[in-house]
Amino acid sequence: MLRQTVSSLAKASTRITGLDVVPNAKEVLLERYGAILAKLEEKIPKGTGYRDTLEETVNYHKSIVEASSSIEEIEEKMGLGQVEEVIQMTDGELSLIDKMAEWKPWEAEPVDVRIIQARTGNVLYSQELVDEAHKKSTDETKE
């Protein structure tokens, strides 16, 4: 009698409406991760927080995919849902890279949180403001 393990059977459905099973998900993910890294190299300057963080995340996820022997293992180790959902995330990230290249947030002038607080009335805290308040209170106790 032939016996098949559950992990060797292809899943029939993602059980998510509109999200089809991707039978070659491992290959698709590796291709998308390569495309993300190439696009980052092409469009986003080195040393920017966005590029550094995304490269680190993508390389980590890519290493999981490369080292895993099954889709279930990839899903378990990533903890991001089904591989089909992860593929959708990579598509979104590829689109976002284009937007980030257009917006260039790394070229923006730093914003003084106190200005935002004055304009919106919201209480915002930054380490700079905390340090400034601490220094002021320390100076007052010395007097």
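Taking the criterion of being small (G, A, S), surrounded by 15 or more Cβ atoms within 10 Å (Cβ to Cβ) and in a helix (DSSP H, G or I), the only residue of region 65-110 that qualifies is A101.
When K46, K39, K77, K104 are screened for being among the basic types (K, R) and closer than 30 Å to E132 by Cβ, only K104 passes.
Inside region 65-110, can you point out the residues that are in contact (Cβ under 8 Å) with a residue 12 or more places away in the chain, farther than 23 Å from I16 by Cα and among the polar types (S, T, N, Q)? Of everything in region 65-110, just one residue is in contact (Cβ under 8 Å) with a residue 12 or more places away in the chain, farther than 23 Å from I16 by Cα and among the polar types (S, T, N, Q), namely S68.
Each value in this text was obtained by applying a stated rule to the coordinates, not by laboratory testing. Being a predicted model, the structure only gives us computed values, none of them experimental. Cβ: placed from backbone, ideal geometry, glycine included. Neighbour counts: every protein chain shown.
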